[in-house]
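The structure appears right after this line, and notes come after that.
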Amino acid sequence: MTLTFNPLLATHDESLPSRAWWALLNSFVLARRGVERVVREPSQLLDVTIQPLIFVLLFVYVFGSAIAVPGGGSYHEYLIGGMFGMALVGTAQGTAVGVSTDMATGLTDRFRSLPIARSAVLTGRVVADLLTEVVAIVVLVVTGFAVGWRIHNGLADAFLAFGLCLLIAFAMTWVGACAGTMVKNPEAAAAVGFIFFLPMVFISNTFVPTQGMPHWLQVVANWNPVSAVASACRNLFGNPNPSSDISAWPMQHPELATVAWSIALIAIFAPLAVHLYRRKTLR
Amino acid sequence: MGPSPLACRTTYGTVLSVIVQRTSTPAGLGTIAIEASGLEKSFGKTRALAGLDLAVPAGTILGVLGPNGSGKTTTVRVLTTLLRPDKGTARVAGYDVVTQATQVRRRIGLSGQAAALDESLTGSGNLVMIGQLNRLPRRKAQQRADELLSRFDLADAADRGVKTYSGGMRRRLDLAACLVTSPPVLFLDEPTTGLDPRSRIALWEIIRMLVADGTTVLLTTQYLEEADLLADRIVVIDGGSVIAEGTSDELKTQVGGDRLQVTVVAESDLGVAKSVLAHHAEGEVHVGLDRRCVDASVPAGAAAIPDIAAAMSAAGVVMEDLGMARPSLDDVFLTLTGHSADPVPDPNMTAEPV
């Protein structure tokens with residue numbers, strides 16, 4: 001048998017475009033790995049499927065009866081926009097756990113001993129996790145329709161809302177990647193999710209309008225990116241959005257605020273994640 | 001490919017015909033495949049490497065022996081470009097591990113202490129992924145994965161999740177993963193830790209066959225027996241530097257040739273046995289960990305056995321056994337470092353090697 005088994009030995013010093021091309025292909029291979037994992041073990045998607053489903057049912061049927069939306073409107077319709085905001089946080093937590101699991105099992109060392117771009121490992125992970133956000137959106141749309149949520153402003157605006165969700169989810173996966181490289185083990189990553197991401201979801205307009213919160217907490221909630229996404233979704237779906245009466249800039253321009261938050265988070269956390277990943281693994 | 005001098009009769013016997021198919025010949029015999037000089041690395045105040053030197057001729061196995069925390073894993077991590085040394089240089093397959101890391105990565109395979117696999121993927125899925133990351137087209141990567149899986153006796157489990165694999169299967173898959181591109185230099189960091197004796201022997205055979213076909217292997221282990229059986233040369237490291245080097249026999253000779261060993265029936269006789277033996281011995285008498293045997297270097301060698309036997313029974317010592325013993329590598333280790341090689345004895349290693 002005379003197969004060429006080590007194509008790498010044929011090439012020596014590579015040009016930049018060639019390196020970039022292979023970094024892209026390697027990221028693709030690693031992203032597909034993430035998808036394959038989910039296909040083989042769909043239970044990994046519980047975070048973005050069953051969990052939001054349970055939250056929707058709990059809030060609609062348990063808390064919803066006691067929550068009045070300021071300015072009127074259906075709480076069912078109010079809640080679903082918030083759930084879109086919540087989903088991106090779940091995605092980030094999944095990334096954190098995934099990154100730290102790879103580090104703990106030694107798989108990261110294997111990847112690093114291969115002649116592949118350093119950024120490919122994290123990029124592959126982030127792209128795969130972004131696809132779970134797509135699943136989360138589909139689940140939420142179906143669940144929402146089942147509990148009486150409707151899109152009132154047309155499909156174009158709805159898809160714009162989904163696009164914004166994906167954009168900020170992409171940004172948040174980089175935050176998750178940072179968290180994953182900083183913690184010692186997957187259990188710690190899950191704990192970080194609970195300590196950091198859960199308050200992030202609750203101190204926002206996800207479940208209840210912020211008007212009833214203490215003043216200082218209102219400020220935090222109104223500037224929380226989760227509030228921005230939720231408000232943007234409510235506006236674009238044509239659902240009740242009492243936050244539009246709040247003078248804080250992100251609540252007046254939630255779509256722009258979502259984009260701004262996304263850009264800021266990516267600019268800070270993507271390079272930071274790659275840096276931390278390199279440093280952690282080189283020590 | 002001709003028959004290998006070390007070809008074994010096992011199911012792995014055909015392994016080498018498919019594992020080693022290189023596109024470019026590695027450094028030929030006689031050249032140095034791995035060399036390190038003056039490697040230093042500290043983590044905070046802990047000095048992991050304190051001026052480590054190594055040289056491994058191409059096509060040989062070097063056993064790196066040392067207790068936990070002696071710097072074995074740090075050495076492997078530096079040589080596989082995962083860690084940058086504070087000082088010193090190292091070359092693998094002719095390339096510098098710091099300045100030519102990519103070139104090094106194209107020529108090495110690493111199997112770390114934990115099987116570095118994606119538990120959620122299948123065995124086949126793992127190998128295909130590694131192949132593709134090494135720039136094999138998908139179809140070729142699949143073909144290569146199938147070959148390796150069948151050669152490593154994993155064909156039946158190819159489409160099962162790695163989660164369901166036994167320890168031995170994981171190790172074989174892990175080794176297969178670092179052979180996807182037939183790298184000329186392999187680093188195996190404690191490859192048999194945690195394996196049952198049967199899986200361990202199977203892995204040893206694979207490693208032997210790889211080397212028979214020209215692969216250079218650096219193998220770390222805390223099992224003296226493993227280094228003894230597998231390695232062409234052994235370096236003993238402690239405190240981050242090499243404290244002894246040589247073949248297994250050379251190291252044993254360093255400790256002082258053959259030793260006479262007396263095993264007593266009752267522990268209460270041990271003190272008397274020790275003093276009787278000390279009378280005939282040269283140097284210190286070593287007391288076994290089980291407190292039932294004593295051994296020492298005896299200048300007269302086997303000729304002293306009748307005298308010692310007589311002296312023992314005159315002193316009232318009831319012996320279970322009396323005989324000459326080659327020093328074990330554990331003796332070497334004790335002599336060299338003043339502490340035992342393996343602080344936590346592994347019950348598996350007490351099994352007789354085949």
### Query
Picking from A:Leu217, A:Leu236, which residue would you name as being crowded, with 24+ Cβ neighbours inside 10 Å, more than 18 Å from A:Met172 (Cα to Cα), more than 19 Å from the chain's Cα centre (by Cα) and not aromatic (Phe, Trp, Tyr)?
A:Leu236
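Looking at region B:290-315, which of its residues are under 11 Å from B:His279 (Cβ atoms) and among the β-branched types (Val, Ile, Thr)? Step through it out loud before you land on a result.
As a first pass, look at region B:290-315 and keep what is under 11 Å from B:His279 (Cβ atoms): B:296, B:298, B:304, B:307-308, B:311-312, B:315.
Correct list: B:Val298, B:Ile308.
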### Message
Given the options A:Ala136, A:Ala156, A:Ala104, A:Ala92, name the one that is in a helix (DSSP H, G or I), in contact with a Lys or Arg (Cβ under 9 Å, 6 or more places away or on another chain) and either farther than 30 Å from B:Asn126 by Cα or in contact (Cβ under 8 Å) with a residue 40 or more places away in the chain (or both).
### Response
A:Ala104
### Query
Scanning for something touching a residue at least 60 places away in the same chain (Cβ under 8 Å) and either of a type in the set (Asp, Glu) or under 27 Å from B:Leu154 (Cβ atoms) (or both), does region B:76-86 turn up at least one residue?
yes
### Query
Can you name the condition, by its number, that B:Thr11 falls short on among (1) closer than 24 Å to B:Ala212 by Cβ; (2) of a type in the set (S, T, N, Q); (3) modelled with pLDDT of 90 or more?
(3)
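Considering only region B:185-200, I want to know if a residue exists there that is within 9 Å of another protein chain (Cβ to nearest Cβ) and of a type outside the set (Ser, Thr, Tyr).
Residues of region B:185-200 that are within 9 Å of another protein chain (Cβ to nearest Cβ), as a first pass: B:187.
The next check asks that each one be of a type outside the set (Ser, Thr, Tyr); those that pass are B:187.
Scanning region B:185-200 turns up at least one residue that is within 9 Å of another protein chain (Cβ to nearest Cβ) and of a type outside the set (Ser, Thr, Tyr).
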### Task
Name every residue in region B:69-99 that is open to solvent by 40 Å² or more (accessible area, probe 1.4 Å) and at the interface with chain A (Cβ under 10 Å from one of its Cβ atoms), in order of residue number.
B:Arg84
### Residue check, B:Gly112 more than 13 Å from chain A (Cβ to nearest Cβ) and either at pLDDT below 90 or open to solvent by 40 Å² or more (accessible area, probe 1.4 Å) (or both)
no
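So that you can scan it fast, the table gives a plain yes or no per residue for (1) under 11 Å from the mean Cα position of the chain (by Cα); (2) under 24 Å from B:Ala36 (Cα atoms):
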| residue | (1), (2) |
| --- | --- |
| B:Pro183 | no, yes |
| B:Leu195 | no, no |
| B:Ser199 | no, no |
| B:Thr215 | no, yes |
| B:Leu218 | yes, yes |
### Query
Is region B:119-139 home to any residue that is open to solvent by 30 Å² or more (accessible area, probe 1.4 Å), under 23 Å from B:Ser42 (Cβ atoms) and either assigned to a strand (DSSP E or B) or basic (Lys, Arg) (or both)?
no
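Does region A:42-78 hold any residues that are assigned to a helix (DSSP H, G or I) and β-branched (Val, Ile, Thr), and which are they?
Of region A:42-78, the ones assigned to a helix (DSSP H, G or I) are A:42-48, A:50-66, A:75-78.
Those that are assigned to a helix (DSSP H, G or I) and β-branched (Val, Ile, Thr): A:Val48, A:Ile50, A:Ile54, A:Val56, A:Val60, A:Val62.
Return the only residue of B:Leu270, B:Leu219, B:Leu229 being outside the structural domain of B:Ser42 (by TED's automatic domain parsing) and touching a residue at least 24 places away in the same chain (Cβ under 8 Å).
Numbers: B:Leu219 fails: outside the structural domain of B:Ser42 (by TED's automatic domain parsing); B:Leu229 fails: outside the structural domain of B:Ser42 (by TED's automatic domain parsing).
Result of the check over B:Leu270, B:Leu219, B:Leu229: B:Leu270.
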### Message
Any residue at all in region A:262-277 that's within 30 Å of B:Thr73 (Cα to Cα) and within 14 Å of another protein chain (Cβ to nearest Cβ)?
### Response
yes
## Note on the structure
Of the listed residues (A:Ile67, A:Ile50, A:Ile54), the one being open to solvent by less than 80 Å² (accessible area, probe 1.4 Å), away from chain B (no Cβ under 12 Å) and modelled with pLDDT of 85 or more is A:Ile50
### Task
Give just the number: which of (1) at pLDDT below 80; (2) outside any helix (DSSP H, G or I); (3) in contact with a helix residue (DSSP H, G or I) (Cβ under 6 Å, 6 or more places away or on another chain) does B:Pro299 not satisfy?
(3)
### Message
Restricting to region B:73-90, give me the number of residues that are over 9 Å from B:Leu49 (Cα atoms) and part of a helix (DSSP H, G or I).
### Response
5
### Filter result for A:Val147 (surrounded by fewer than 22 Cβ atoms within 10 Å (Cβ to Cβ), closer than 22 Å to A:Gly238 by Cα and in contact with an Asp or Glu (Cβ under 9 Å, 6 or more places away or on another chain))
no
### Query
Which condition breaks for B:Val104 when tested against (1) touching a Leu at 6+ places or on another chain (Cβ under 8 Å); (2) open to solvent by less than 10 Å² (accessible area, probe 1.4 Å); (3) within 12 Å of another protein chain (Cβ to nearest Cβ)?
(1)
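Pick out the one residue from A:Val208, A:Val192, A:Val175, A:Val226 that is open to solvent by less than 70 Å² (accessible area, probe 1.4 Å) and not in a helix (DSSP H, G or I). It would help to see each step written out before you state the result.
On the way: A:Val192 fails: not in a helix (DSSP H, G or I); A:Val175 fails: not in a helix (DSSP H, G or I); A:Val226 fails: not in a helix (DSSP H, G or I).
It is A:Val208.
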### Task
Scan (1) in a strand (DSSP E or B); (2) open to solvent by 40 Å² or more (accessible area, probe 1.4 Å) for the single condition B:Asp228 breaks and write down its number.
(1)
### Task
Filter region A:86-117 for residues that are open to solvent by 20 Å² or more (accessible area, probe 1.4 Å), closer than 30 Å to A:Ser231 by Cβ, within 14 Å of chain B (Cβ to nearest Cβ) and not β-branched (Val, Ile, Thr) and give the result.
A:Gly94
### Query
Just one of B:Ala273, B:Ala296, B:Ala266, B:Ala281 is surrounded by fewer than 19 Cβ atoms within 10 Å (Cβ to Cβ) and more than 30 Å from B:Lys72 (Cβ to Cβ); which is it?
B:Ala266
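The values are calculated or read from the model by the stated rules, or taken from the named source; none is laboratory data. These numbers come from a predicted model, not from an experiment. Don't worry about glycine lacking a Cβ; one is built from the backbone with ideal geometry, like all the others, and counts go over all protein chains shown. Heavy atoms of the whole protein, side chains included, go into the accessibility calculation; ligands, DNA and RNA do not. Shrake-Rupley method; radii C 1.70, N 1.55, O 1.52, S 1.80 Å.
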